[in-house]
Amino acid sequence: MKAKRNLMRKTTRMMSRPKSTALFQVKSVKTVKVRRRRKDDDGISEDSGGIGERFGVSGNDSRFEELKWQRVERIRNEVREFGEEIIDVEELASIYNFRIDKFQRLAIQAFLRGSSVVVSAPTSSGKTLIAEAAAVATVARGRRLFYTTPLKALSNQKFRDFRETFGDSNVGLLTGDSAVNKDAQILIMTTEILRNMLYQSVGMASSESALAHVDVIVLDEVHYLSDISRGTVWEEIVIYCPKEVQLICLSATVANPDELAGQIHGKTELVTSSKRPVPLTWHFSTKTALLPLLDEKGTGMNRKLSLNQLQHDSSGTSPYKDEGSRRRKSRKHQLDVPTLSRNDMNSIRRSQVPQVIDTLWHLKGRDMLPAVWFIFSRKGCDAAVKYLEECHLLDECEITEVELALKRFRIQYPDAVRESSAKGLLRGVAAHHAGCLPLWKSFIEELFQRGLVKVVFATETLAAGINMPARTAVISSLSKRTETGRTLLNSNELLQMAGRAGRRGIDERGHVVLVQTPYEGAEECCNVLFSGLEPLVSQFTASYGMVLNLLAGAKVTSSSSASDDSNISRSGRTLEEARKLVEQSFGNYVGSNVMLAAKEELARIQNEIQILASEITDEAIDKKSRKLLSQSAYKEIADLQEELRAEKRVRTELRRRMELERIFSLRPLLEELGNGHLPFMCLQHTDSDGVQHHIPAVYLGKVDSLNSSKVKNTVHGSDSFALNNDIFSSDTKSGHAVEPSYHVALGSDNSWYLFTEKWIKTVYKTGFPNVALAPGDAMPREIMTILLDKEDMQWQKVAESELGGLWSMEGSLETWSWSLNVPVLSSLSKDDEVLEFSETYQNAVECYKDQRNKVSRLKKKIARTEGFREYKKIIDVAKFTEEKIRRLKTRSRRLITRIEQIEPSGWKEFLQISNVIREVRALDINSHVIFPLGETAAAIRGENELWLAMVLRNKILLDLKPAQLAAVCGSLVSEGIKVRPWKNNSYIYEASTTVMNMIAFLEEQRSSLLQLQEKHGVKIPCCLDSQFSGMVEAWASGLTWREIMMDCAMDEGDLARLLRRTIDLLAVPHVLPSSVPKLPDIDPLLQSNAVKASSVMDRPPISELVG
């Protein structure tokens, strides 16, 4: 019967073809032959619906797209005629003009079997094809598919792709900005939108929920589950998703995709692939060369990139005079290289750091363009573009095309043109980061895909799924600045960015270039590359919206005739039912399988440590000695050991006194230097491996004497820098107080150092003269203090002692030239040293040396005793045991870290939040009655929904005009928006007096809520920042974009993001009630003002186009 049906299908296809089909197909095949060389990063060629067709496509492309659309339509017609049974993997694969990969075929087969599917494969391997095939099958069956992405820009991109394949009428879009065709069979949306839909469906029958007729949900970029700030959203979707809905989870390669697959409800199949369609070649860029990063086997670092080799290369010498002498060296001598100090390593690295132009010409010379160049700061991206403005990467025809495209864009969006980047654009380079307007970023993406931009300097957000495949990915640094300081990339992040390299169908190989920096070299790059994939880690946390939507049942409304008979719209869950839901989080699932084994292993290790530690106590060693030695030998050694311990205690005390006297001797010298020139000095410390480091630096001054409020507040306001006052009592012999102080210096490695006198080795006569370069200029000390004040104060501890710590912080580009002028220590002679110590200090040193010699003589005396040989065996065993304990403790710490990562804390937070909700009478936890405040908070989406609801329900807002209301709302959503200190201007519009008074009034309510949250252990921020309210008010009052950005201290992208957030809160054409006009129980006047304000604000260049 099935064979007969297939025959009928073939006959129908042949009969339906027009007479001119043969000629049409020949042309199409020719088109395919050319176009197959251009496929997008998800393995779907542009002729099969790739993103590239949106920009500059030819007539042949349109014809082939039409043919692909016809293929999809043909499958729909066949399903209507012959039934759903005809849909199989071959049928779905037939819409592509290339053979699909094995992992794609396996995933489609699993989907057709009715399973949910988790796909883990490298970036750019073709995961989107699986979702597209599922969409074809779902649409053909007359059902619906939801496709979610983590980013609005990515949602817009997928919306365009799917419309080209399925037609405009079959595809819709929902983001915070747009609602297009929201009843379509394929609905593209951001992940938060789907979570909000599921909130609205909690407790409803399937036929009444927003997911009615939805068969499939695609979660793209599901590895975002590990994202600290947003990961909860992905977990909530998996938890709340109806059991009858199939999930397709698309993830980059991670270490534990099996755990994610195991958590999903129902039958779930895992499909993994480690193969990249376009292999990657790894390179390393130094100042003079572009070398292979890996050895010939690809399993280790290229030996030419070792620090010792780079040192020889930079000095122009070779470690061997000739090849013959090299062969004559034994392996022992080949490995016998001197240990480099940290300062030596930093010097070598600095000497090998290439300029952008150095690396670029290597890429151009080897035909490795176009390239996406990752720089982890907006300022760095813009500076790179500026630096290359005189380079010419485009030919005359390409320049003409760019000029024409720029002219058209300027006519269509005059306010969206980034004038500072226009010159670079005509040279073939551009920046792409969050400081740019979305319209401008889309324009850059278009030009890049058309081959009119050869290098895009981008922040790491470009690696998150945005379709800009290139031949080469350049990663400018292995570390990036975060709120907690500078951190190394992990292997997942590195591979995600590297995945932008290699265009399927165009490039035989992709190229990844890692760059030498002052902080990391090839060895660190290989360490990260070979460190193994990071696992997905649960970031599940409760929120007010979660608690209210899960527990709320009966509603109390102002229209109710009797409060006792409140209308019940849905059934609320009990705490026990809510707990069962929360316990379905990814963290709890992982915990159930991993936690027990990890805790058992940790308990075993800790027990072993306890047993081993008991074997090396003084009592245990004494017991072994007594048993092994003769009585006379034991007594002799025991008496000497007791004497040795006493003498060591005296030595420790004398060393402490010597250090205190040294600090007292240094104080007058440092105070004197703080008022004169900026002297050079040497700091010293010993690392955990016992290697001593000497750091040349230029001394800025004592923290308390500097005109820098930031560093003072940091030192005096943080317990990390607190000094142990118990040891700083007056010395009984010298009679003076010797409490250390913190000082600041700039090292030759362009790092700021914060230190006490403990870490100063010596101070020199020479230094930077504290004299202005020209009349009217600031003094060097003042300039350096200003540069210090610009830093984020992200200090990292280098070393610590009871006399205060040594801390470092990375300098900026502006301090770089200062650090380069700090001389190496070898060029400074002892005659330049000005450090003079008091007689008391010299006496203390002599006493300490005498005591140290006394201890040494006592040790030698013990070594000459009768039973020392046997006693040494006991001591050697004890040392071996100590080393074993050290290794076990290291493993124990790793296990504890892993356990902390998977230890679920969601339920504890859930209860804490429910206590706050109960106390503000937003919800009755026992009866599940939700009050108006809770109703509003449950419908809002934000970081702190309760705080937003408290503000928006406040009647005092009714006195505000629309623009003033917008300004207040802007103060509620400005988290993460910053003034950019490197901008030459610093103007920000100030808010009106009415707005400032309103925010001051709200500050009192905010303080009350924060106190209540603190009482119950809730740590959810309550944003209220008036800094940018004036900018929102100005835009809502009708000022033009040019007027508002003139001399503005904000980046365009930041201001646009703030305004869009404000519009989202005020009034958005959204399917869900998360904006003011659609919130329940909000005053009509406030709703009207919100609509008026958002209507004025939602205009170019921040009103983003869709499609």
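The values are calculated or read from the model by the stated rules, or taken from the named source; none is laboratory data. Because the structure is predicted, anything quoted here is derived from the model rather than measured. With ideal geometry, Cβ positions are generated from the backbone for all residues, glycine too; neighbour counts draw on all protein chains shown. SASA here: full protein model, heavy atoms, side chains in, ligands and nucleic acids out. Shrake-Rupley method; radii C 1.70, N 1.55, O 1.52, S 1.80 Å.
Couple of notes before you dig in:
- Some residue of region 488-502 being without any contact (Cβ under 8 Å) to a residue 40 or more places away in the chain and either in a loop (DSSP other than H, G, I, E, B) or among the hydroxyl-bearing types (Ser, Thr, Tyr) (or both): yes
- Residue that is within 35 Å of the chain's Cα centre (by Cα), open to solvent by less than 10 Å² (accessible area, probe 1.4 Å) and modelled with pLDDT of 90 or more, where the choices are LEU1079, LEU1055: LEU1055
- Here PRO535 fulfils each of the conditions (1) touching a helix residue (DSSP H, G or I) at 6+ places or on another chain (Cβ under 9 Å); (2) open to solvent by 30 Å² or more (accessible area, probe 1.4 Å); (3) closer than 26 Å to ALA434 by Cα; (4) not small (Gly, Ala, Ser) apart from (3).
- The set of residues in region 485-502 being farther than 11 Å from VAL372 by Cβ and among the charged types (D, E, K, R) consists of ARG486, GLU493.
- Region 503-521, residues that are at negative phi and either outside any strand (DSSP E or B) or of a type in the set (Phe, Trp, Tyr) (or both): ARG503, ARG504, ILE506, ASP507, GLU508, ARG509, GLN516, THR517, PRO518, TYR519, GLU520, GLY521
- For ASN843, the conditions (1) more than 23 Å from HIS693 (Cβ to Cβ); (2) touching a Pro at 6+ places or on another chain (Cβ under 9 Å) all hold with the exception of (2).
- Matching residues, region 762-798, being among the charged types (D, E, K, R) and assigned to a helix (DSSP H, G or I): ARG781, GLU782, ASP789, LYS790
- Of the helices (runs of 4 or more DSSP H) that lie entirely inside region 74-184, those containing 2 or more residues that are of a type in the set (S, T, N, Q), modelled with pLDDT of 85 or more and closer than 26 Å to ARG500 by Cβ span 152-166.
- The residue of region 789-837 that is farthest from the chain's Cα centre (by Cα), among those that are of a type in the set (Gly, Ala, Ser), under 21 Å from THR756 (Cβ atoms) and surrounded by 16 or more Cβ atoms within 10 Å (Cβ to Cβ), is GLY804.
- Criterion (over 29 Å from LEU280 (Cα atoms), free of Cβ contacts under 8 Å to residues at least 40 places away in the same chain and crowded, with 20+ Cβ neighbours inside 10 Å) met by exactly one of GLY83, GLY172: GLY172
- Wholly within region 899-982, helices (runs of 4 or more DSSP H) carrying at least 3 residues that are touching a helix residue (DSSP H, G or I) at 6+ places or on another chain (Cβ under 8 Å) and closer than 20 Å to SER1094 by Cβ: 945-952, 962-972
- Taken as a whole, the structure places ILE885 among residues that are more than 30 Å from the chain's Cα centre (by Cα), touching a residue at least 40 places away in the same chain (Cβ under 8 Å) and not in a loop (DSSP other than H, G, I, E, B).
- Filter pass, ALA638 being surrounded by fewer than 14 Cβ atoms within 10 Å (Cβ to Cβ) and outside any strand (DSSP E or B): no
- From the list ARG667, ARG656, ARG649, the lone residue that is basic (Lys, Arg), under 18 Å from TYR848 (Cβ atoms) and either crowded, with 17+ Cβ neighbours inside 10 Å or at pLDDT below 85 (or both) is ARG656.
- Test: residue in region 717-732 that is out of contact with any His (no Cβ under 9 Å at 6 or more places or on another chain), over 12 Å from LEU683 (Cα atoms), among the polar types (S, T, N, Q) and modelled with pLDDT of 90 or more: no
- Selection status of ALA135, open to solvent by 10 Å² or more (accessible area, probe 1.4 Å), more than 17 Å from LEU270 (Cα to Cα) and in contact (Cβ under 8 Å) with a residue 12 or more places away in the chain: no
For every residue, the table says whether it meets (1) of a type in the set (Asp, Glu); (2) in a loop (DSSP other than H, G, I, E, B); (3) more than 21 Å from LYS158 (Cβ to Cβ).
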position	(1), (2), (3)
PHE409	no, no, yes
ASP415	yes, no, yes
SER421	no, no, yes
ALA431	no, no, yes
TRP440	no, no, no
GLU445	yes, no, no
PHE448	no, no, no
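- Positions within region 690-727 being without any contact (Cβ under 8 Å) to a residue 12 or more places away in the chain and more than 30 Å from the chain's Cα centre (by Cα), in sequence order: GLY690, ALA722, ASP726
- Filter result for SER856 (out of contact with any strand residue (DSSP E or B) (no Cβ under 6 Å at 6 or more places or on another chain) and not in a helix (DSSP H, G or I)): no
- Yes/no for GLU403 being within 28 Å of the chain's Cα centre (by Cα) and either within 18 Å of SER476 (Cβ to Cβ) or part of a helix (DSSP H, G or I) (or both): no
- Condition met for GLU643 (open to solvent by 40 Å² or more (accessible area, probe 1.4 Å), at pLDDT 85 or above, among the acidic types (Asp, Glu) and in a helix (DSSP H, G or I)): yes
- Number of positions in region 621-635 that are exposed (fewer than 15 other Cβ atoms within 10 Å of the Cβ) and assigned to a helix (DSSP H, G or I): 7
- All positions within region 344-361 that are under 19 Å from LEU393 (Cα atoms) and surrounded by fewer than 19 Cβ atoms within 10 Å (Cβ to Cβ): GLN355, ILE357, ASP358, TRP361
Here is a yes/no grid of residues against (1) within 29 Å of the chain's Cα centre (by Cα); (2) among the hydroxyl-bearing types (Ser, Thr, Tyr); (3) under 28 Å from ILE1102 (Cβ atoms):
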{"residue": "GLU396", "(1), (2), (3)": "no, no, no"}
{"residue": "ALA416", "(1), (2), (3)": "yes, no, yes"}
{"residue": "SER420", "(1), (2), (3)": "yes, yes, yes"}
{"residue": "ALA431", "(1), (2), (3)": "yes, no, yes"}
{"residue": "LEU452", "(1), (2), (3)": "no, no, yes"}
{"residue": "THR459", "(1), (2), (3)": "yes, yes, yes"}
{"residue": "ALA470", "(1), (2), (3)": "yes, no, no"}
{"residue": "LEU478", "(1), (2), (3)": "yes, no, no"}
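- Options GLY502, GLY572, GLY553: the member that is in contact with a strand residue (DSSP E or B) (Cβ under 8 Å, 6 or more places away or on another chain) and at pLDDT 85 or above: GLY502
- Residue that is nearest to GLU446 (Cα to Cα) [pool: residues in region 362-399 that are open to solvent by 80 Å² or more (accessible area, probe 1.4 Å) and in a helix (DSSP H, G or I)]: CYS397
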